[in-house]
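What follows is one structure encoded as structure tokens, with my remarks underneath.
What follows draws every value from the coordinates through simple rules; no lab data is involved. Keep in mind it's a predicted model, so treat the numbers as computed, not measured. Cβ sites come from the backbone with ideal geometry, for glycine too, and all protein chains shown count toward neighbours.
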Amino acid sequence: MEGLRSLPSIDKLLQQSRSDSLISIFGRPLVVRALREILNTIRLEYHPSTAKAIPSDNSILDQAESLLFKYTQTSLKPVINATGVVLHTNLGRALLSKEAMDAMLSVGGNYSTLEFDPTTGKRGSRLVHAEDILRTLLGVEAALVVNNNASAVLLVLSALAYRRKVIIPRSQLVEIGGGFRVPDVMKQSGAKLVEIGTTNQVHLSDYQEALQEPTAIVMRAHRSNFQIIGFTSEPTIREIIDTTHQAGVLFMDDLGSGALLNTDHYGLAHEPTVQESLEDGADLVCFSGDKLLGGPQAGIIVGKKNLIARIQKHPLARAVRADKFCLAALSATLLHYLKDEAEEKIPTWQMISVKEEALKSRVEGWIKIIGQGEIMKGTSTIGGGSLPGETLDTWLLGLEGNNPDQFLDRLRSQEPAIIGRIENDMILLDPRTVPMEQEKYFLDGLLKSLQKK
Ligand SMILES: *Cc1c(COP(=O)(O)O)cnc(C)c1O
């Protein structure tokens, strides 16, 4: 064991001046931990017969430094989304407006009125914050904001349909992705699922027949991420709601995306809006905060006051409640709608409404800077469980190479990572989803990826 005896001690390594600078960046305990781990590995791997030299102090400190960077790396960090998928679920769905981000920062770094009423000096309720704006904006009696839309649906069913029947057409027993399956959520809530109709057809008489039995809720789950085409039919939502109400039963609409603006104004198919559901008479409407609404992750339940009051009292409501960041960002996002400035201020709607000409000139600018690639016509998609099959015309930067997969890897290895796509062996980068503030980093990363060839 002659060799191992020359291994420096942790104390000796800590006395080196390089350790001082590591300690100032990472703190002493973590530096000690890194050194211990490196020394242990050297001991374990050492074998006299291989006569491998014991590394120098400097080399041990090098290894410790890389280990320290590894320890302190966070895995959740910004990326550049050049895929053209506006609400990319894996990349975090909606981007927040500047106002919404400011609102989050402000409640994060300061005490707030989260559950405090400054007029009385007494305890207040966190439920009021976004609720007031939702009431004004949508004309609803009441609103409740929870963690996400999946929990909103689970909560409503648990509170109002436990051990009771819930009617839903077979064509709506959907899986949204990420494990949200409507039938499973119903089972979890304790509701009894009553399937009606067939995969492609459901008639008003199917509802009427099922409503002969005592029922808690008739539910609609929006087909957010697929279409059924061909020999299909279903009654209008108003017909269904009227039939439901005639039987004295509640109607709940799980809209998923919950658009507040009309998507058909932007060359897209019509995504059912929250306002339409309410106008048609839905007693409760549930939708996500971070899909087409363009806000933070949230589940929003709006509708009748007596129902929301019952939902709020259910123990699950506490378990899935919204946090202060969500409430702050959601309120700021909803204010954009109230002030009729959603299209200008909310990134999701900026991306949807941006003019093709603007996209074209951005790609032209990119080509000038990187000195290669071609401008191509293509399509962007909405994604995130909204408007399945719908696309927006866009302009793309197309890059040819003999190994597109490898180039995509190189783009992803940049800081921040650039996420693109491949079609017909070409790398395609879509300016629609690259915010102007990120353009500099995008071009830097792109240039670096091209040089490394
Ligand atoms: C997206 C979606 C959900 C789940 O919403 P989250 O906010 O992601 O939890 C539920 N129902 C429908 C119809 C959806 O489209």
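Pairs of alpha-carbon atoms within less than 8 angstrom and 6+ residues apart define the contacts here; what relative contact order does the stretch 2-70 have, in percent?
Numbers: 41 pairs, mean separation 31.1, N = 69.
Computed over the stretch 2-70, the figure is 45 percent.
Take the alpha-carbon positions of the chain, form their convex hull, and give its projected area averaged over all directions (one quarter of the hull surface) in nm².
Values: hull surface 121.3 nm².
With the hull built on Cα positions only, its mean projection is 30.3 nm².
Using the number of other C-beta atoms within 10 angstrom as an exposure proxy, rank 24, 112, 17, 449 with the fewest first. Present the calculation step by step, with values, prior to reporting the outcome.
Numbers: 24 10, 112 15, 17 6, 449 22.
Taking fewest neighbouring Cβ atoms as first place, the list is 17, 24, 112, 449.
Among DSSP beta bridges lying fully in the chain, give the percent that are antiparallel, nearest 5. Write out the running numbers ahead of the final one.
Details: 30 of 52 bridges.
Here the antiparallel bridges make up roughly 60 percent for the chain.
Taking Cα pairs under 8 Å and at least six residues apart, what relative contact order does the stretch 1-158 come out at, in percent? Walk me through the numbers on the way to the answer.
Details: 80 pairs, mean separation 21.1, N = 158.
Relative CO of the stretch 1-158 lands at 13 percent.
In 5 Å bins starting at zero, report the fraction of Cα pairs in the stretch 292-380 per bin as a rounded %.
3, 10, 14, 14, 13, 11, 10, 8, 6, 4, 4, 3, 0
What is the projected area of the convex hull of the Cα atoms of the stretch 2-70, averaged over all directions, in nm²? If you can, show how the numbers build up before the last one.
Details: hull surface 17.4 nm².
Taking the Cα atoms of the stretch 2-70, their convex hull projects to 4.3 nm² on average.
Return the calculated 222 nm mean residue ellipticity for the chain, to the nearest 500 deg cm²/dmol, obtained by summing -39500 (n - 2.57) across DSSP H runs with n ≥ 4 and dividing by the residue count. Could the numbers behind the result be given before it?
Numbers: 20 runs with 197 residues, N = 453.
That comes out to -12500 deg cm²/dmol.
Reachable lysines from residue 440, Cα under 28 Å, same-chain residues fewer than 8 places away excluded?
Hits, sequence-local ones excluded: 70, 77, 98, 291, 345, 355, 360, 368, 377, 448, 452, 453.
Mind listing which trypsin sites (Lys or Arg not before Pro) in the stretch 11-106 are in a DSSP loop and have 13 or fewer other Cβ atoms within 10 Å?
Working: sites: 12, 18, 33, 36, 43, 52, 70, 93, 98; in loops: 52, 93.
In loop regions of the stretch 11-106 (DSSP not H, G, I, E or B), the sparsely surrounded trypsin sites (Lys or Arg not before Pro) are 52.
Step by step: find N for the stretch 96-342, compute 2.2 N^0.38 Å, then divide the Cα radius of gyration by it. What's the final number? Don't skip to the end; give the middle numbers.
On the way: Rg = 18.2 Å, N = 247, 2.2 N^0.38 = 17.9 Å.
For the stretch 96-342, the normalised Cα radius of gyration is 1.02.
Out of the stretch 348-424, which trypsin sites (Lys or Arg not before Pro) are coil in DSSP terms and have no more than 13 other C-beta atoms within 10 Å? Please report the intermediate quantities before stating the final value.
Numbers: sites: 355, 360, 362, 368, 377, 410, 412, 421; in loops: 355.
Passing both the DSSP loop test and the Cβ count: 355.
Rounded to whole Å and ordered largest first, report the semi-axes of the equivalent ellipsoid of the stretch 96-195 derived from its Cα gyration tensor (root of 5λ). Before the final figure, lay out the partial values.
Values: eigenvalues 234, 59, 34 Å².
The answer is 34, 17, 13 Å, longest axis first.
Quick one: divide the alpha-carbon radius of gyration of the stretch 232-314 by 2.2 N^0.38 Å and tell me what you get. Before the final figure, lay out each step's value.
Working: Rg = 13.9 Å, N = 83, 2.2 N^0.38 = 11.8 Å.
The reported ratio for this selection is 1.18.
Considering Cα pairs under 8 angstrom that are at least six residues apart, work out the relative contact order of the chain and quote it in whole percent. Walk me through the intermediate numbers first.
Values: 790 pairs, mean separation 88.3, N = 453.
It rounds to 20 percent for the chain.
Could you give log10 I(q)/I(0) at q = 0.16, 0.32, 0.33 Å⁻¹ for the stretch 54-96, computed by the Debye formula over C-alpha point scatterers of equal weight, without solvent?
So the normalised log intensities are -0.59, -1.08, -1.12.
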